[in-house]
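The values are calculated or read from the model by the stated rules, or taken from the named source; none is laboratory data. Nothing here was measured: the structure is a model prediction, and the numbers come from that model. Glycine gets a Cβ as well: all are built from the backbone with ideal geometry, and neighbour counts include every protein chain shown.
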Amino acid sequence: MGEFNVTRRSFLGLGGAATLLGTASLMGCTPTTAAAPSNVDSALPETGETEQVSLNPQDTSYLEGESDYAAIFEPLQLGSIQIQNRLAKAAAGSYSIDAGINDQAIGFYEGLAKGGVGIIWHEDLSFYPYTVEEVKPLVAAVHEHGTPIGLQSYIDWSRASTSKHLVSPLEMDMPEFRHTAMSIEQIHAAQDEVVARAQFAKDCGFDAFSLNCSCDHCFDTFLSRFWNDREDEYGPQSFENRARIVTEIIERIKKEIGADFMVEVLFNGIEENVHDLGDSGLCIKVDEAMELAKLFEAAGADALQVRSAMFGNHCAGFMPDIMHFGEHGNTGLGTIMNYDRHSEGSITGSRDGVAALAEVAAQVKQAVSIPVGVVGSIDPRLAPQFTNNLIAEGKVDYLVLNRTLLADPELPNKLKEGKRDEVRPCNRCVNCFKAVADMWGIGYCRVNPAYIRGGTEEMPEGATPQAAETPRAITVVGAGPAGLEAAAIAAERGHSVTLYEKSDTVGGRLSFAQIIKGDHERIDDYRTYLERRAQNAGVTIQTGIEVNAEQLNAEKPDAVVIATGGEKHASAIKGCESALDLDDIATGDAGERVAIVGGNIIATDFAIRLTGEGKAVTIISSRPTAEIGIEQASWPHCVLMPWMKAKGGSLIGGATVTEVSSNSVSYTADNGLSRTLECDTVYLLEDLDPRTSWIDAIDSSIEVHIVGDSNEPSNILNAVHSANLVARSL
């Protein structure tokens, strides 16, 4: 990620609400001769008015106000255990034990405990063959810091109350998880299994046990009439019957394992069938959740955690902001949820997904006397007064966080110490959470490269970089996200660091990305954090200076980190000089019918932005259609591609572009036919090339490292990751 200069004033000429863009680039071309296709057989449709009325208007007042977080940092009694504050770490999507309970896993959970979170919920261990002795060191590491830790457990999709819905929604193409109706004997066997897991948890030293009855996992298929059509004592004929499989487990845990062993129930406070939007008559409503909550309490539950389920979009149930990519209310299935009407208007859709279930949990709390927590895009850093008031006004008793703690495990301590501006900001980009349907890559954090990597061969020292053995003079060239990360880490390790940036401000393309993406991913927050962190670390920042090899050779620093971004690609496409590129976005008129040549994250995210403005957009790429935009985080990709196509966008994969003009693209389709696509505007968005040509002139006595797009053009996450690793090695 290098430099890109554009003013907000000039960019607003594009109009419309900005949505998603990963990384920007500057494109160039060297025209060559190629044969043009002979026929014209495809054209973009004419479009009408581009002015759009938002179905789900937003209210940003929740971002206003400051707080000392006094209510959040009050202790809370959860059954037999007391937690030091009202912040809990959710069990979902941590991936820390995928490679075993090793130094990485133990370090991850110990880091959360050191960071000051009130209680940690550990992900389900039943799918891993761990022994008590293997798990004990992890629990002990957490306990060393006085933090309680509980184990969550659930029964997966494959065992259910019914088989009337053959596949778990989102068309997950996971046949092993297709619902299979359980017999009474199988229900009792499943209950035995869960009680045994609770005993295992206690034997390992866990302080508590959480029953995950949410999503569309096994237990929810009994609780929700959407699934349950049984005719026995576990059927939908009464609330008692629906809750029976859960209440019997709670009662057995309390009787067989100990009345003082804390039990939490995580369940859906509201459900919606987004697979067939509006066909939700049998989904759990809030008044039903209140009745179920009473039964859980009567059975002996010590606390309740409220979430939702969006049948058809798995992660939207606990990350409600996933339905705010592209358009507020985007189901990911080509439809738009009306928050005022669907789910009986219970889910708040006016806060960009933030704390969308808080009002649902507040109603559930009215039905019981035990503590009630809530999950769902909750960020005390982002909305301090709003989140503190959720506790202070008695709406809920505790807040369940996940991504914000992955971004910065020290968030609780920093907030308590009045260091809110030092919290590493979660971008809500969802790179950290792998899509069930499309398991590409592992879930990493864009802003915290140490997440999952700390304690591995990449970062054997752990999440926190170690002090340098010998302080050195380090020069960093380029103040994009990679340069700022490298400079801060190097300075924090004790080096003397000077950071040069040729523009007048730091951030590289981050400011540009903020304008393209809009406010959802909080890119400006991240740029501000990176700059402040570098300043606090003692980095000398010099802006308005374009560094060259001659200057570096004269200064002779001990090491140089090059983070100047990628450079233009010399295109071989005939007529490429007549097409627009990202250098023209700030001032150009995209027109109504737009063709974009390129299938990378740059092309895809720009297409999504234009689609949100009502443009008719076609992406033409040499990639297979299924791989267009695959560099995006997997869940946003899952929801954005169907949305774009539902809005009239088109994806043409497997194509070879032979010629472009200002208003047409000629290409050979994957069926071998030559075609020409007519349009108002053509954008040529080919990949950047590494920027390395000038580096050869740097004196060989100077240690040189190349990071970010300068080394391998990619996205923010990979740029920051590469910079972090290099800075640790200096």
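Would you check if ILE596 is in contact (Cβ under 8 Å) with a residue 24 or more places away in the chain, in the same structural domain as SER661 (by TED's automatic domain parsing) and surrounded by fewer than 24 Cβ atoms within 10 Å (Cβ to Cβ)?
No, not satisfied.
Can you name every residue in the stretch 372-399 that is part of a helix (DSSP H, G or I), out of contact with any Asp or Glu (no Cβ under 7 Å at 6 or more places or on another chain) and either surrounded by fewer than 22 Cβ atoms within 10 Å (Cβ to Cβ) or outside the structural domain of ALA289 (by TED's automatic domain parsing) (or both)?
PHE386, ASN389, ALA392
What tally of residues in the stretch 227-274 results from selecting those that are closer than 30 Å to PHE200 by Cβ, outside any helix (DSSP H, G or I) and more than 27 Å from the chain's Cα centre (by Cα)?
Looking only at that region, the number is 13.
Give me a count of the residues in the stretch 616-636 that are surrounded by fewer than 24 Cβ atoms within 10 Å (Cβ to Cβ), touching a residue at least 60 places away in the same chain (Cβ under 8 Å) and either under 22 Å from the mean Cα position of the chain (by Cα) or not in a strand (DSSP E or B) (or both).
3
Can you confirm whether VAL476 is closer than 18 Å to LEU725 by Cα and in contact with a Gly (Cβ under 6 Å, 6 or more places away or on another chain)? Outline the logic, then answer.
On the way: closer than 18 Å to LEU725 by Cα: yes; in contact with a Gly (Cβ under 6 Å, 6 or more places away or on another chain): yes.
So VAL476 passes the test.
Go through the stretch 400-420 and report how many residues are part of a loop (DSSP other than H, G, I, E, B), without any contact (Cβ under 8 Å) to a residue 60 or more places away in the chain and under 16 Å from the mean Cα position of the chain (by Cα).
First, pick out the residues of the stretch 400-420 that are part of a loop (DSSP other than H, G, I, E, B): 402, 408-410, 417-419.
This time we only want the ones that are without any contact (Cβ under 8 Å) to a residue 60 or more places away in the chain, so: 417, 419.
Okay, now just the ones that are also under 16 Å from the mean Cα position of the chain (by Cα), so none.
Qualifying residue count, the stretch 400-420: 0.
Any idea which residue in the stretch 261-287 is farthest from GLY329 (Cα to Cα), counting only those that are among the charged types (D, E, K, R) and touching a strand residue (DSSP E or B) at 6+ places or on another chain (Cβ under 9 Å)?
Out of the qualifying residues, it is GLU264.
Looking only at the stretch 325-371, count every residue that is touching a Phe, Trp or Tyr at 6+ places or on another chain (Cβ under 8 Å), crowded, with 20+ Cβ neighbours inside 10 Å and outside any loop (DSSP other than H, G, I, E, B) and tell me the total.
1
Residue by residue, here is whether (1) surrounded by fewer than 24 Cβ atoms within 10 Å (Cβ to Cβ); (2) at pLDDT below 90 holds:
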{"residue": "VAL660", "(1), (2)": "no, no"}
{"residue": "ARG675", "(1), (2)": "yes, no"}
{"residue": "ASP680", "(1), (2)": "yes, no"}
{"residue": "ASP689", "(1), (2)": "yes, yes"}
{"residue": "SER701", "(1), (2)": "yes, no"}
{"residue": "GLY708", "(1), (2)": "no, no"}
{"residue": "GLU712", "(1), (2)": "yes, yes"}
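Just to be sure I understand, how many residues within the stretch 519-546 are among the acidic types (Asp, Glu) and without any contact (Cβ under 8 Å) to a residue 12 or more places away in the chain?
Going through the stretch 519-546 one residue at a time, the tally reaches 0.
Can you say whether GLY654 is without any contact (Cβ under 8 Å) to a residue 40 or more places away in the chain, touching a helix residue (DSSP H, G or I) at 6+ places or on another chain (Cβ under 6 Å) and either assigned to a loop (DSSP other than H, G, I, E, B) or surrounded by fewer than 17 Cβ atoms within 10 Å (Cβ to Cβ) (or both), as far as the supplied structure shows?
Considered against the rule, which asks whether it is without any contact (Cβ under 8 Å) to a residue 40 or more places away in the chain, touching a helix residue (DSSP H, G or I) at 6+ places or on another chain (Cβ under 6 Å) and either assigned to a loop (DSSP other than H, G, I, E, B) or surrounded by fewer than 17 Cβ atoms within 10 Å (Cβ to Cβ) (or both), GLY654 comes out as no.
When the stretch 537-586 is examined, which residues are found to be in a helix (DSSP H, G or I) and assigned by TED's automatic domain parsing to the domain that holds ALA488?
Taking the stretch 537-586 first, the residues in a helix (DSSP H, G or I) are 549-555, 576-578, 582-584.
Within the stretch 537-586, ALA549, GLU550, GLN551, LEU552, ASN553, ALA554, GLU555 qualify.
Got at least one residue in the stretch 508-528 being surrounded by fewer than 17 Cβ atoms within 10 Å (Cβ to Cβ) and small (Gly, Ala, Ser)?
No: the stretch 508-528 contains no residue that is surrounded by fewer than 17 Cβ atoms within 10 Å (Cβ to Cβ) and small (Gly, Ala, Ser).
Out of LEU277, LEU211, I need the residue that is of a type in the set (A, V, I, L, M, F, W, C) and part of a loop (DSSP other than H, G, I, E, B). Which one?
Answer to the selection: LEU277.
Report yes if some residue within the stretch 554-574 is closer than 24 Å to SER622 by Cβ, surrounded by fewer than 22 Cβ atoms within 10 Å (Cβ to Cβ) and at pLDDT 95 or above; otherwise report no.
Yes, some residue in the stretch 554-574 is closer than 24 Å to SER622 by Cβ, surrounded by fewer than 22 Cβ atoms within 10 Å (Cβ to Cβ) and at pLDDT 95 or above.
Working carefully through the options GLY150, GLY107, GLY100, find the one that is at positive phi and either crowded, with 16+ Cβ neighbours inside 10 Å or assigned by TED's automatic domain parsing to the domain that holds GLN305 (or both).
Going through GLY150, GLY107, GLY100 in turn, just one is at positive phi and either crowded, with 16+ Cβ neighbours inside 10 Å or assigned by TED's automatic domain parsing to the domain that holds GLN305 (or both): GLY100.
Could you list, in sequence order, the residues of the stretch 111-147 that are among the polar types (S, T, N, Q), modelled with pLDDT of 90 or more and surrounded by fewer than 21 Cβ atoms within 10 Å (Cβ to Cβ)?
THR131
Output the residues belonging to the stretch 159-180 that are modelled with pLDDT of 80 or more and surrounded by fewer than 16 Cβ atoms within 10 Å (Cβ to Cβ).
THR180
How about the stretch 434-465: which of its residues are of a type in the set (A, V, I, L, M, F, W, C) and at pLDDT 80 or above?
Residues satisfying the conditions are CYS445, VAL447, ALA450, ILE452, MET459, ALA463.
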